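Report on the following structure.
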Amino acid sequence: MGTVGAAGHSAIIQDEKTQLLTAKAHSNMRIAISLMGETKEIVPGQIVQGVVSVNVYKKCSARKITVEFVGQEHAKWRESRGSGKSKRRVTVRRHCDIQRESIIVWRPPGSSNKIEVGNYELKFQFRVLPSAPPTMCIGGTQRCWTAYNIKANVDKPWWFDMSVGCPVV
């Protein structure tokens, strides 16, 4: 497995056990996402599963840790509008969410809003909707594409949340 650079930087690391690992470090903790199995593309009905690894170096505030799965479609094209002297070319952009699900993978015991020092391995699983289109890209990311992403978020009260995300491919 590789290492993460300076605090606050993200990196994508691959090894034999996991398909993808992305991590973010902070002075109090490090958070990483690992996807299990080989995923070359997302297909309808597929199960996407993995682990959020949280390494807490110093006890700190945290209300919850969530994992979000998002599928989106994006399209961009040029078309003519108007007629005669007022005819012009415009770029049209459209995007929509195919699927957006979020689950809570950790909550503090009681009402403490604190996460203790330690290493946490928090499993997650999402099922791609049966009606969802597969991952695809036409004309590069400048034209038309369908993509899926995973994002882990540590909800910190009265402070900036810590989050890390990665594509699911």
For this session: Convert 37 °C to kelvin, take the viscosity as 0.692 mPa s, use the Kirkwood radius over C-alpha pairs of region 17-169 as Rh, and evaluate the Stokes-Einstein diffusion coefficient in µm²/s, rounded to a whole number.
Result: 187 µm²/s
Seminar exercise, completed: Along region 50-62, Karplus-curve 3J(HN,Hα) (6.51, -1.76, 1.60; θ = phi - 60°) to the nearest Hz, with x for Gly and Pro, reads x, 9, 9, 9, 10, 10, 9, 8, 9, 3, 8, 6, 6
Problem set entry | Assigned charges on the beta-carbon of Lys, Arg, Asp, Glu; region 69-162 dipole about Cα centre (debye) | 960 debye
For this session: Arrange the residues 60, 137 by how much accessible surface each exposes, largest first, with a 1.4 angstrom probe.
Result: 137, 60
Exercise. Near residue 59, which aspartates and glutamates are there with a Cα under 13 Å away, not counting those fewer than 8 places off in the same chain?
Worked result: 116
Problem set entry | D (Stokes-Einstein, µm²/s), Kirkwood Cα radius, region 74-140, 0.692 mPa s at 37 °C | 184 µm²/s
For this session: Set the Förster radius R0 to 30 Å, insert the Cβ-Cβ distance between residue 123 and residue 144 as r into 1/(1 + (r/R0)^6), and round the FRET efficiency to 0.05.
Result: 0.35
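The values are calculated or read from the model by the stated rules, or taken from the named source; none is laboratory data. Predicted, not measured: the structure shown is a model, and the values here were computed from it. Cβ sites come from the backbone with ideal geometry, for glycine too, and all protein chains shown count toward neighbours. Please note that ligands, DNA and RNA were not included when accessible areas were found on the heavy atoms of the full protein model with its side chains. Shrake-Rupley method; radii C 1.70, N 1.55, O 1.52, S 1.80 Å.
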